[in-house]
Amino acid sequence: MTTFKKIIVLSLFHLFVFGISSCSKAENKGDEKRDEVNVQEYKGKKSLATFAGGCFWCIEAPFEGINGIISVVSGYSGGKEKDPIYAEVAAGKTSHRESVQITFDPDVISYSELLDIFWQQFDPTDEGGSFYDRGLQYTSAIFFHDNSQRDIAKASLKRLDQSGIFEKPVVTPVIKFTNFYPAETYHQDYYKKNPEEYYAYRKASGRDAFIAQHWPVKLEDLYKKPSDAELKKRLTQLQYQVTMHEETERAFTNEYNENKEPGIYVCIVSGAPLFSSKDKYESYSGWPSFTKPIDARLIDKPVDSSYGMLRVEVRSKLGDSHLGHVFNDGPEPTHLRYCMNSAAMRFIPKKDMEKEGYGAWLWTVD
């Protein structure tokens with residue numbers, strides 16, 4: 001088994017330091033042989049995303065286990081020096097930043113969705129480092145691989161900057177990608193190999209406290225799936241059949257297909273936030289369609305081979321319930337169409353979001 005990220009094959013279709021000091025305090029093993037990440041076995045589309053957000057251990061882990069992400073590798077990016085080693089980068093002796101490179105399938109998860117996750121992992125208003133790791137090597141950056149990524153990243157940054165989530169302006173630069181060097185093997189999957197040290201570092205550095213102050217956390221404790229008996233009492237027959245037995249409601253005659261009111265759509269089973277009206281569009285399919293979810297970490301996308309077709313199903317992760325399917329015929333910026341059943345969701349108008357406990361997501365609607 002490779003010590004780098006294992007390939008996560010989603011379908012036949014296309015398918016979270018040592019002690020409490022600093023990320024840079026890990027044992028230096030610069031002479032350790034680096035393995036190559038094998039992504040060749042993956043038969044679907046493959047695209048790259050490269051992000052820097054301070055200690056790469058803490059940016060690598062949140063992207064693990066998400067459908068559509070094939071591999072996540074910690075490394076060094078953006079500098080002029082060839083084949084840098086950890087001791088050099090951590091000491092600020094190079095012009096590289098600690099970074100992660102993500103290989104993903106754009107037919108399953110979009111670059112926009114990766115950015116939504118990325119922004120929630122660090123302080124994008126800090127231009128001198130990241131928490132108590134200081135220096136250029138620990139500053140944030142988005143390294144775009146093409147003009148489309150550049151435009152999407154700039155639009156995402158602008159929206160975040162105007163959201164009011166942070167008191168200070170967002171300073172993360174959007175930079176053209178030039179290079180990426182995988183870090184030494186012992187850095188890969190650090191959160192798995194050394195969980196006690198990893199989580200101690202996250203807490204002591206202030207990263208976890210910062211995230212909890214600015215973003216919703218531990219949603220799994222807030223939004224839970226009720227018992228089957230309770231669901232049968234609370235849901236209509238159609239809602240139960242759609243969510244628990246993967247049925248599909250009729251096109252054009254469902255509740256939210258033509259809804260144009262601002263607000264969010266939440267899981268009818270768990271109440272977890274799923275989609276924003278900001279990302280809803282008219283697909284002429286007869287079902288409410290969205291370019292992306294509010295947070296890709298709140299949904300699952302297993303393979304659906306029913307009815308002799310091969311499709312990517314969309315499920316509410318916290319509700320363990322069927323929502324619909326995702327297709328690759330959507331508009332910009334994601335080119336994805338999240339085709340959802342109205343019966344699997346509950347719409348909360350913007351004017352009611354605060355009183356219903358969804359005020360933290362108001363910015364996604366504006």
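The values are calculated or read from the model by the stated rules, or taken from the named source; none is laboratory data. For clarity, every value in this text was computed on a predicted model and none was experimentally measured. Here the Cβ positions follow ideal geometry from the backbone for every residue, glycine too, while neighbour counts run over all protein chains shown.
One line per residue, one yes/no per condition, for (1) more than 20 Å from Asp116 (Cα to Cα); (2) of a type in the set (A, V, I, L, M, F, W, C):
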position	(1), (2)
Trp287	yes, yes
Leu310	yes, yes
Lys317	no, no
Gly330	no, no
Met340	yes, yes
Glu356	yes, no
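So how many residues does region 186-207 have that are of a type in the set (S, T, N, Q) and farther than 30 Å from Ala153 by Cβ?
The number of residues fulfilling the criteria is 1.
If you take just the helices (runs of 4 or more DSSP H) that sit entirely in region 219-293, which of them hold at least 2 residues that are surrounded by 22 or more Cβ atoms within 10 Å (Cβ to Cβ)?
Once the helices (runs of 4 or more DSSP H) in region 219-293 are filtered for at least 2 residues that are surrounded by 22 or more Cβ atoms within 10 Å (Cβ to Cβ), what remains is 237-245.
Just to confirm my filter: which strands (runs of 3 or more DSSP E) fall fully inside region 63-160 and include at least 2 residues that are among the aromatic types (Phe, Trp, Tyr), in the same structural domain as His187 (by TED's automatic domain parsing) and over 20 Å from Asp208 (Cα atoms)?
140-144
Within region 42-49, identify whether any single residue is of a type in the set (Phe, Trp, Tyr), modelled with pLDDT of 95 or more and touching a Leu at 6+ places or on another chain (Cβ under 8 Å), and answer yes or no.
no
Going residue by residue through region 227-241, is there one that turns out to be modelled with pLDDT of 95 or more, more than 30 Å from Arg134 (Cα to Cα), in contact with a helix residue (DSSP H, G or I) (Cβ under 8 Å, 6 or more places away or on another chain) and among the basic types (Lys, Arg)?
Yes, some residue in region 227-241 is modelled with pLDDT of 95 or more, more than 30 Å from Arg134 (Cα to Cα), in contact with a helix residue (DSSP H, G or I) (Cβ under 8 Å, 6 or more places away or on another chain) and among the basic types (Lys, Arg).
Does region 316-331 contain at least one residue that is closer than 21 Å to Glu255 by Cα, in a loop (DSSP other than H, G, I, E, B) and either of a type outside the set (D, E, K, R) or modelled with pLDDT under 95 (or both)?
Yes, there is a match, as at least one residue in region 316-331 is closer than 21 Å to Glu255 by Cα, in a loop (DSSP other than H, G, I, E, B) and either of a type outside the set (D, E, K, R) or modelled with pLDDT under 95 (or both).
Taking the stated definitions as given, is Arg297 surrounded by fewer than 24 Cβ atoms within 10 Å (Cβ to Cβ), under 18 Å from the mean Cα position of the chain (by Cα), part of a strand (DSSP E or B) and outside the structural domain of Ser156 (by TED's automatic domain parsing)?
So Arg297 fails the test.
Listed here are the residues, each with its yes/no results for (1) surrounded by fewer than 24 Cβ atoms within 10 Å (Cβ to Cβ); (2) within 28 Å of Arg315 (Cβ to Cβ).
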{"position": "Ala61", "(1), (2)": "yes, yes"}
{"position": "Ser95", "(1), (2)": "yes, no"}
{"position": "Glu98", "(1), (2)": "no, no"}
{"position": "Ile102", "(1), (2)": "no, yes"}
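Could you say which residue among Val326, Val303, Val314 is surrounded by fewer than 23 Cβ atoms within 10 Å (Cβ to Cβ), β-branched (Val, Ile, Thr) and out of contact with any helix residue (DSSP H, G or I) (no Cβ under 6 Å at 6 or more places or on another chain)?
Among Val326, Val303, Val314, only Val303 is surrounded by fewer than 23 Cβ atoms within 10 Å (Cβ to Cβ), β-branched (Val, Ile, Thr) and out of contact with any helix residue (DSSP H, G or I) (no Cβ under 6 Å at 6 or more places or on another chain).
Hey, does region 116-125 have a residue that's buried (at least 23 other Cβ atoms within 10 Å of the Cβ), within 19 Å of Pro333 (Cα to Cα) and β-branched (Val, Ile, Thr)?
Checked against the condition, which is being buried (at least 23 other Cβ atoms within 10 Å of the Cβ), within 19 Å of Pro333 (Cα to Cα) and β-branched (Val, Ile, Thr), region 116-125 yields no hits at all.
Please specify each residue of region 334-360 satisfying the condition of being farther than 17 Å from Arg234 by Cβ and surrounded by fewer than 19 Cβ atoms within 10 Å (Cβ to Cβ).
Residues satisfying the conditions are His335, Pro349, Lys350, Lys351, Asp352, Glu354, Lys355, Gly357, Gly359, Ala360.
Can you tell me which residue is farthest from Val365 (Cα to Cα) among those in region 221-271 that are small (Gly, Ala, Ser) and more than 23 Å from the chain's Cα centre (by Cα)?
Ala229
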